[in-house]
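Below is one structure; the comments refer to it alone.
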Amino acid sequence: MAVHTANAPAAESAAKKESKLAGLAKFRELGLLAFILLLAIGVQIRNPSFLTIENVMDMATNTAILSILAVGMMLVLVTRGIDLSIGATLALSGMLVAQIVSASAGFSPLLAVITGIGIGTVCGLVIGGLVAWLGVLPIIATLAMMNIYRGFTYMASDGKWISSYQMPESFVGIATSSVLGINTLILIALFIYIAAYYFIGHTRTGRQIYAVGSNPESAKVTGINEKKILILVYTLMGGLSGLCGVLWVSKFASAQGDTASGYELSVIAACILGGVSIAGGSGKLSGVILGAVLIGILNNALPMMDVSPFWQKGIEGTIILGAVLLNAAVKRGVERNHLLRRRI
Amino acid sequence: MSEYVLELKGITKRFPGVTALNRVHFKLRKGEIHALMGENGAGKSTFIKVITGVHAPDEGEIFLDGKPIAFSNPTEAQAAGIAAIYQHVTNYPDLSVTENIFMGHEKVHPKTKRLLWKDMYREAKAILKQLGSSIDPKREMGTLSVAQQQIIEIAKAISTNARIIIMDEPTAALTARESEDLYRIAESLRDQGTSIIFISHRFEDMYRLASRVTVFRDANYIGSWDVDEITNDQLIVAMVGREITQVFPHKKHPIGEEVLRVENLGKIGYFADISFSLRRGEILGLTGLVGAGRTEVCEALFGITKYDTGSVHLKGQRLAVRRPKDAMKLGIGYLPEDRQKQGLILQWGIGRNITLPALERFSNKGWLTEKNEAQLARQLAEKVHVKAKSIFDLAGSLSGGNQQKVAVAKLLTAGLDVIILDEPTKGVDIGAKSAIYEIIQDLAMQGYGIIMVSSEMPEVIGMSDRIAVMREGRITRMLQKEEFSQEAILEAAMSEAPGKTKAG
Amino acid sequence: MEPKTIQPYTQRTLEADRPFSAKQFFLQWEWLLAFILIGVIALNTSLSPYFLNISSLRDATMVFLDKAFIVFPMALIMIMRDIDISVGSTVALSSVVMAVAYNSLGVPMGAAVVICLIVGALCGLMNGLLIVKFKELSAVIITLATMILYRGIAYIILEDQASGSFPEWFGFFGWGYVYGIPFILILFILAALLFGLLLHKTTFGRHIYAIGHNDVASRFSGVNVDRTKVIVFTLAGLMAAVTAIFLASRMGSTRPNIANMYELDVIAMAALGGISTAGGKGRLIGTVIAVFIVGYLQYGLGLINIPSQTLLIVVGALLLFAVIVPKLNIPRFKK
């Protein structure tokens, strides 16, 4: 039997190794960034029009909506939940706002945005209530509400599209105008990032979201109001979806019954790629934004590389599955290293 | 101003079916370390929850600095300067050390309510330094060892300016050196005027630290003494209610041939070099601190987890166990430690629970024959004296002792040779305890080889034929019957230097 | 050697016959379902005088029963406290492979049907294996990923075209009668019986309930949790393929976007049938009634020309109704 000596220096060095491991999270974001750069270079070689200013701006505006939603989804996932209804909420808010602005031309764009956020917030509040007060599983509650909101959208539209010529120019301008040469969508997304950064990292409520996800039991003992937190994250998610509904309709200049159908999957994919843990408690803003950027680039790059659009779903599915499994494998590796380091 | 910072009078707390506390008293002086002792189920945990505002007492009064007070939630108790450090560390593994310390009482900017991270890091560092620890306050909590996490919990208590700190079994999972660190911290807190309620099973904790001791037994207040005015034996009588030897009516069980041999079993990160043998009719006690690897060894033998090295031989044949079903088929049964989570399906009746491990015996080619099943379940339940009306009574409605009997009955359905019992009397009242001891003795008489994992020293000493002591994943000592003593076990379980290794 | 107890405790005998309680018997969820079903039929009859005739009731079943095959394995999955949201995609993929095998690869239709079943079972098997091998991930996230993946593969195979022109006999699945009874109804009843027996009368079914209540204790009791899960998820894939066959037969063709959001209908039917999303509870008979409730409700709303998309709202609301009502303590219907 090996005689082992337990002395302070050994423990110290073990502790140091562990802190290095904790830095693995940073490595993840660097890895993601490196992957994005490699991908960009690869696509650029295939198609030189990829990295033109025009295309990059186009990608950025496309990614803006995805990343705004991903920020909200991150918070939902952090509390161990999931929200499948955001595509439907987005469509409902977009459809209702489009109808309002096409009926009354004088409706100001700002008011349109606020209306959209309001509609989304109500949608999110309903889900939050179902999850927090009635204890319905998030997957069930959001699956049901997804259908209900989508049904409302069809009912409101009566099967018709609302297209660009019906919308006032000022409304379409929400997504197409620019300030100092930067597209408004990008500016709105940047504003959301900053607000989220402050909220998540520098307010009590923001941290309580992570506490609830990390250990709901302790959260109760600490006196954190878990129900309030759950309602908050779903309401925020709804509000962001409502905002994105307006932005979406403005950007694509059309509102239809099946707007953004299935978009929630891309959003969840961005979060998973960005390292948000499905088990709750952890997820970083920077990771999620990078994840959204990666998905955005893929969506843009595949057609430019002459990949059939019918391959997109398959590729997206493979990426999500791969990312989820890779995450799990990395985590297992880390845990195994922890075990190897233990003295016995 | 009262002589006591905290005084509880005639506290009664009832839960459906049980009285958890029956008119108990407690008095705590300023700057005193007061040990609260009692067996499992004596009511200590409920008592803490009353003090910390988790439970409201049904009767009785609480005085803080002589003034009557009633907490309606933990936050109020915290505001009044009471903090508790629980046996099972309750923290946020994904968050940083600093956040864990300040969760619930964060430092915020008075106007903007912005979190003041710099201030919190600085203070966390200062508190940790005061506790003699150099843990980085930005580290993720989940990467710390149990002992380090305990220190963070204490830091948390200090950061709330607690005047009264309750420590619930804080040393249960610590080695001697780590315990010594904790003692030192507790003493320095005491010297600064903090009052500490120290709950522990271990006598040496109490002698080392406390100046006063209060004993609860079966939800009742037994008495309070100065530590130097009560002898060890008197204390045991106070806690147990009788001489220890009375609890274990030792029956003769003839010891037969070797049935199980374990050679150099190892699992990375959990245990190593585990070797022992077990004979028919023998009860092998397996003890050590919580976290020493006892449960992990048993789970590996039973196929819940895999082992990396070594071999297991049953009746002379080398076993390849991949899952519990294999182990049970070959003849190894396991009574898990946590009967509510691992042992029973609480939403099911007694009968279904008993038959679950061997359903194929009560069925025909996969088809259930419920009549047979019910009859056999009833026989087995009666064999272990389950107190209930019918086998359809839900397992969740039974008392701890009866639940444990049902869990034992599950083992009797399979044709086993070796039975592993993990903490068989944990959370069981005294009456049911001796019933379970009798069942264990009966099983030994019937020729089962029995491995009994236990943290309770009187139980291990009273029941076992041999005792294997584990520390940090290794068997440090194998004690023969004539060598049994609390001191010998403690030394093997806690000493930092590796003890003598003996494989039996 | 019989154990001798030195000092026996008051020797008790335990009752081994299940006590019958009339109150409990009538407070079962299934009675509520039966009333709802009667209500739905009454409603439909008031809307259309032709509804309550045998051939109308019979033909209605042919329209909605196809997805009902998946309800049974979904019930098993939900009893195990898991969920599978990839079943709609599995339907699409297996039917697309079948159609392509027949139309493009020249495989005889009979073999193509078998291939369809194999593809479905493989999809389910993959779900099951991933869930078992990566226990730290939930079934939600794994089947979410495979949901996208399976449908993605269907799109890769068939792009956005339809593939049909099956041989005439293949139409029998969707439109055939045996002695005046729709073939699909016969197969549905057969499937209900088989799954009912499997769940309620075999050790396998008992294990499913055990896992749903407490998978850890089940494992400690020697239940092979992993194998049970893999089998049940594979069954879900297989039944999705059965649905694919009936759907393709009834519609005469298939395309990658068929059976979109079927998972919602299926989960709603199972939940309405009394399968608790918290696991461990529910009986198959309830799901059978629920299938007819949802089916006739949709059919009836179709009769009064409510657009099909509005039905989304109805199904969503039904799902919420099914999960919320048992949580309210008022009429204590036992699930």
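The values are calculated or read from the model by the stated rules, or taken from the named source; none is laboratory data. Small disclaimer: the values here were computed from a predicted structure and weren't measured. Note that each Cβ is placed from the backbone with ideal geometry, even for glycine, and that neighbours are counted across all protein chains shown. Ligands, DNA and RNA are excluded from the accessible area calculation, which covers all protein heavy atoms including side chains. Shrake-Rupley method; radii C 1.70, N 1.55, O 1.52, S 1.80 Å.
The table below lists the values:
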quantity	calculated
Order of exposure, largest accessible area first, which applies to C:Tyr262, B:Tyr207, B:Tyr121, C:Tyr179 with probe 1.4 Å	C:Tyr179, B:Tyr207, B:Tyr121, C:Tyr262
Furthest towards positive pole of dipole, A:Pro138, A:Ser170, A:Gly257, structure part the range A:49-261, Cβ charges	A:Pro138
Carbon/sulfur fraction of accessible area - the range C:55-326, other protein chains in place, 1.4 Å, %	67 percent
Residues losing 30 Å² or more accessible surface upon assembly, the range B:377-392, compared with the chain by itself, 1.4 Å	B:Arg378, B:Glu382, B:Lys383, B:His385, B:Lys387, B:Ala388, B:Lys389, B:Ser390, B:Phe392
Global geometry of the range A:61-216, whether rounded, prolate or oblate, following the gyration tensor of its Cα atoms and the 1.5 cut on a/c	oblate
Residue-normalised accessible area of the protein assembly as shown, given per residue in Å² at a 1.4 Å probe	41 Å²
Candidate lysines for bridging to B:Lys44, where Cα separation is under 30 Å - those fewer than 8 sequence places away on the same chain excluded	A:Lys220, B:Lys9, B:Lys13, B:Lys27, B:Lys30, B:Lys67, B:Lys156, B:Lys341, B:Lys387, B:Lys405, B:Lys426, B:Lys433
Relative contact order (%) - chain B, alpha-carbon pairs under 8 angstrom, separation at least six	15 percent
Pairwise burial B:A, computed as accessible area of each alone minus the pair, summed, 1.4 Å, Å²	3100 Å²
Percent of beta bridges antiparallel (DSSP, the protein assembly as shown, rounded to nearest 5)	60 percent
Segment B:Val146-B:Asp226, extension gain: residue separation times 0.36 nm, minus the distance between their alpha carbons	25.7 nm
A:Asp258 accessible area, assembled protein chains, probe 1.4 Å, Å²	80 Å²
Burial of 50 Å² or greater, the range A:199-213 residues [accessible area, probe 1.4 Å, versus chain by itself]	A:His202, A:Arg204, A:Arg207
Heavy-atom accessible surface of chain A: percent carbon and sulfur, 1.4 Å	67 percent
B:Asp338 accessible area, 1.4 Å probe, all protein chains in place, Å² to nearest 10	50 Å²
Euclidean distance between Cα centres, the range C:112-146 to the range A:106-147, Å	31 Å
Antiparallel DSSP beta bridges within chain B, percent to nearest 5	55 percent
Max mean-square fluctuation residue, GNM over chain A, Cα-Cα springs under 10 Å, options A:Ile186, A:Ile117, A:Ile100	A:Ile100
Helix axis angle, C:29-47 relative to chain C longest principal axis, alpha carbon, degrees	30 degrees
Aspartates and glutamates whose Cα lies under 12 Å from that of B:Lys49, excluding same-chain neighbours fewer than 8 positions away	B:Asp168
Chain C, helix-only ellipticity at 222 nm - DSSP H runs n ≥ 4, -39,500 (n - 2.57), divided by all residues, nearest 500	-21500 deg cm²/dmol
Binned Cα-Cα distances of the protein assembly as shown, short to long, each 10 Å bin given as a whole percent	2, 9, 15, 20, 20, 16, 11, 6, 2, 0
Förster radius 30 Å - calculated FRET efficiency between B:Lys341 and A:Val334 (Cβ-Cβ, nearest 0.05)	0.70
Extension gain (nm, one decimal) between B:Ser485 and B:Asp218, 0.36 nm per residue minus Cα-Cα	93.5 nm
Summed buried accessible surface, chains B and C, 1.4 Å probe, nearest 100 Å²	4100 Å²
Nearest-10 value in Å² for the accessible area of B:Trp117, using the 1.4 Å probe	40 Å²
Where C meets A: accessible area buried, both sides, 1.4 Å probe, Å²	3500 Å²
FRET E, pair A:Ala195, B:Asp65, Förster distance 51 Å, beta-carbon r, rounded to 0.05	0.65
Count of lysine pairs in chain C with Cα separation under 16 Å (8 or more residues apart, or interchain)	9
Shielding score for B:266-276, defined as the mean number of other chain Cβ atoms within 10 Å	3
Two-site FRET efficiency, B:Glu180 against B:Asp233, from Cβ-Cβ distance with R₀ of 35 Å, rounded to 0.05	0.85
The range B:4-243 - percent of accessible surface contributed by carbon and sulfur, probe 1.4 Å	49 percent
Whether the range B:343-413 is rounded, prolate or oblate, judged on the alpha carbon gyration tensor where a/c under 1.5 counts as rounded	prolate
